[in-house]
1. Kindly establish whether A:Y117 is surrounded by 15 or more Cβ atoms within 10 Å (Cβ to Cβ) and farther than 30 Å from A:L430 by Cβ.
2. Check whether at least one residue in segment A:48-65 is open to solvent by 70 Å² or more (accessible area, probe 1.4 Å) and within 14 Å of another protein chain (Cβ to nearest Cβ), and report yes or no.
3. Hey, can you tell me all the residues within segment B:98-119 that are open to solvent by less than 30 Å² (accessible area, probe 1.4 Å) and of a type in the set (A, V, I, L, M)?
4. Can you tell me which residues in segment A:130-161 are within 16 Å of the ligand (Cβ to nearest atom) and open to solvent by 40 Å² or more (accessible area, probe 1.4 Å)?
5. For segment A:388-416, name all the residues that are of a type in the set (S, T, Y) and in contact (Cβ under 8 Å) with a residue 12 or more places away in the chain.
6. So is A:L420 open to solvent by less than 50 Å² (accessible area, probe 1.4 Å) and touching a Gly at 6+ places or on another chain (Cβ under 8 Å) or not?
7. Regarding segment A:330-344, can at least one residue be identified that is within 14 Å of chain B (Cβ to nearest Cβ) and at negative phi?
8. Please indicate, with yes or no, whether at least one residue in segment A:432-439 is within 14 Å of chain B (Cβ to nearest Cβ) and either loosely packed, with under 13 Cβ neighbours inside 10 Å or among the charged types (D, E, K, R) (or both).
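The values are calculated or read from the model by the stated rules, or taken from the named source; none is laboratory data. What you see is a predicted model; the values in this text were computed from it and never measured. Positions of Cβ are backbone-derived with ideal geometry, glycine not excepted, and every protein chain shown enters the neighbour counts. For the accessible areas, the whole protein counts, side chains as well, though only heavy atoms, and no ligand, DNA or RNA atoms are used. Shrake-Rupley method; radii C 1.70, N 1.55, O 1.52, S 1.80 Å.
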Amino acid sequence: MKKTDNMVWRFFASVRLALFTLLVLATTSIIGTLIPQKNPPEFYIEAFGQRAAQFFQMLDVPNMYNSWWFIGLLLLFSINLIVCTIDRLPNVWQMVVLNNLETDLERLEKMPHRQVYHASGDATALAQIVTGFLVKKGWRAQSENKSTGTLLFSQKHAWSRLGVYAVHLSILFIFVGAIVGSLLGFKAGVMIPEGSATSTAYETGSEKTIPLGFSVQCDDFNVSYYADGRTPKEFRSTLKIIDSSAKEPPPPKNIIVNDPLTYKGITFYQSSYEPMQGFNVVIVNKDTKARHALQIPFGQKIPWPGTEIAFGVINQETRSRMGDINRLKVWFYDGQGEPILFWMDNNTTQTISSPTATYEFQASQVYATGLQVAKDPGVWTVYAGCTLMLIGLYVAFFLSHRRIWVYIVREESANHCRILVCGVSNKNKLAFEKEFTALVECFTQDSTFTNA
Amino acid sequence: MNSSQLMGITTFAYLFAAILYIGILVFQTKKLGFFATLMTIGAFLANTAGIGMRWYESHQMGIGYAPLSNMYESLVFFAWSIAIVYLGMEVRYKNRILGAFSMPFAALAMILAGLKNPDIKPLIPALQSNWLIAHVITCFIGYAAFAVASGMGIMYLLKDRKRQTDQTSSLLDSLPDLKTSDDIIHKTLVFGFLWLTAGIITGAVWANSAWGTYWSWDPKETWSLITWFVYAATLHARFTKGWGGRRIAWLAIIGFVSVIFTYYGVNYLLSGLHSYGGGG
Ligand code: HEM
């Protein structure tokens, strides 16, 4: 039995199955947009009742896009696509590489676009003139001498017949990329307080610890706001990679949302932040240029060792419920006169004048930066698939395989020929008709040829 | 002149253009055609100027960004896309009747935009990306083509019903014949499908650069995929099973319902990453 007659093969090669799978995928995909995904089991019991929740768990509805049956549908879809391609591609390939000079001459008389001319002259000489016409209109011609005369052939975009297969292949690329990503990659998150480093991240969902193989340190985190004081404008972390195995550690990089840092295939995305209790403080004595930088907790009196200076943050005003500090109240004493109390904006520098000296006091709240940590070795395969899909769609939709033959036949009466100009296009017939008309025009305007 | 005045002018101009096109269809006054086209071009220019002005105003406020980032701005851009897709078709098919089935969508989009809050608000960090601009532009050109295709679908069904009941009505006689309409619907769907595909892809690239996942099955993403499946099925039904006529006309309408849900419904009925587009 030929593979093409096999019932199972025919089933998997059919477009009917493709339509069915596409529509089933479309309708079942709706479920996951109506029923919230990836919530804990209690959520579903509360929202839908015990029995419905049990039913959902059975069908993996709370995580339906990774469920056995949804993956199964995608698998069916892929098998369909592969079998369908194997089934049809050989024939299409034949069309692409076909030697059209061997086309059955009878068939030329039945082409959808035809025009017949007569001309006196020798077939080879006429072929030369016709080749000139073809070249002028952008057709590169091949020719073959037949016993009856000369056949000229020219085609455009034969390979465009493969466009559809590029689209189908691109879908498989995307699937392969997605599978590679889910098997060899991970999605994780981690919070790193300013000044700290971590060499692990926590897998999203499972909270499993994932070793990174190097450390990443957060040197600085900053959130800036628009003039309205509420809308965040930019979240920025300065990250430093610490990797003892690397010859040359990469330079620190500022990351913002939409501009991550990638190192050894692992990418760190700015995703959130958490205000911490405490402040980064820098004090500079403007006279002696002595400088003291440290992290201090809220509400404690901190001495500057070796001097009489002591200071602390004794009050704070928060911007939002998250606990971002807007303003803070500082207590400062350098042993001269009275202690100095003042409010300052977070993340600014204030000048302090005591009876004997001036200081610059800089304070900013300590933050932890929230990073998404992702490794996805499949993403480039997915992107290659996407590019291939766009190119393939363009080719499949807008290019067509156009063919033109000119058959110059010697008539019985010597030195006289019949010329058949004919052509066909696999798509976009209207555009081809115009092109064909333009070519035929060359014949009409040349006095050598007379309309039949 | 500020951008909201321009948007107001745009709304009325689209509405007027739509009425003119419908007038041509109903009263068989071909002479109005020129004015309808002129009105559409005028509306389109006002729309373009309005978008440009809003861009300029956002820069004046010190928060400059391409005005494509909330429901109001996207509706305005949707109207713009419908107008340009339609004008392209009018030139290509040399047929003004299509306007009666296209321009009402542009007017409707502007009217809906008028119901939204047009305040220029600064962009949150996730939206500050060139991929967002590419994403919105590609998606909306696709959506606009689908809107026009569904309009043609309605036109086809009207004309076809007449053929079945065999009434004679000069009104429907002036519509393009069924074979031409069918061809236009198909070509418009193909055009839209290419742009929708590009829209989904640019969205995925954006998500990957912002969050490290190109696909997270959030409701809006999922609905765009559902829409994509519907149109993919439509193209296959036509290309390989020879479906045409009424069936494709219906699928063009069903597909557009799915587009509307992806674009509008998801924001209000479901929750997800994209819900910033809602309310607004
Ligand atoms: C969502 C996924 C798919 C997309 C985006 C897609 C895309 C396309 C496109 C753009 C065309 C060309 C249509 C035209 O020129 O009007 C096409 C044709 C075709 N597709 Fe698909 N396709 C998909 C899935 C499938 C599947 C699963 C099958 C499996 C049988 C299939 C079988 C075919 C066949 C047989 C053709 C006609 C090819 C020919 O004879 O030239 N497609 N597809």
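1. Working: surrounded by 15 or more Cβ atoms within 10 Å (Cβ to Cβ): yes; farther than 30 Å from A:L430 by Cβ: no.
For A:Y117, the condition - surrounded by 15 or more Cβ atoms within 10 Å (Cβ to Cβ) and farther than 30 Å from A:L430 by Cβ - is not met.
2. Applying the first criterion (open to solvent by 70 Å² or more (accessible area, probe 1.4 Å)) to segment A:48-65 yields A:48, A:50-51, A:54-55, A:57-58.
Next cut, within 14 Å of another protein chain (Cβ to nearest Cβ) only: none.
So far as segment A:48-65 goes, no, none of its residues is open to solvent by 70 Å² or more (accessible area, probe 1.4 Å) and within 14 Å of another protein chain (Cβ to nearest Cβ).
3. B:L98, B:A100, B:M103, B:A106, B:A107, B:A109, B:M110, B:A113
4. Of all residues in segment A:130-161, those within 16 Å of the ligand (Cβ to nearest atom) come to A:157-161.
If the condition is that a residue be within 16 Å of the ligand (Cβ to nearest atom) and open to solvent by 40 Å² or more (accessible area, probe 1.4 Å), then A:H157, A:W159, A:R161 are the ones that fit.
5. A:Y394, A:S400, A:Y407
6. Values: open to solvent by less than 50 Å² (accessible area, probe 1.4 Å): yes; touching a Gly at 6+ places or on another chain (Cβ under 8 Å): no.
Considered against the rule, which asks whether it is open to solvent by less than 50 Å² (accessible area, probe 1.4 Å) and touching a Gly at 6+ places or on another chain (Cβ under 8 Å), A:L420 comes out as no.
7. no
8. For segment A:432-439, residues within 14 Å of chain B (Cβ to nearest Cβ) and either loosely packed, with under 13 Cβ neighbours inside 10 Å or among the charged types (D, E, K, R) (or both): present.
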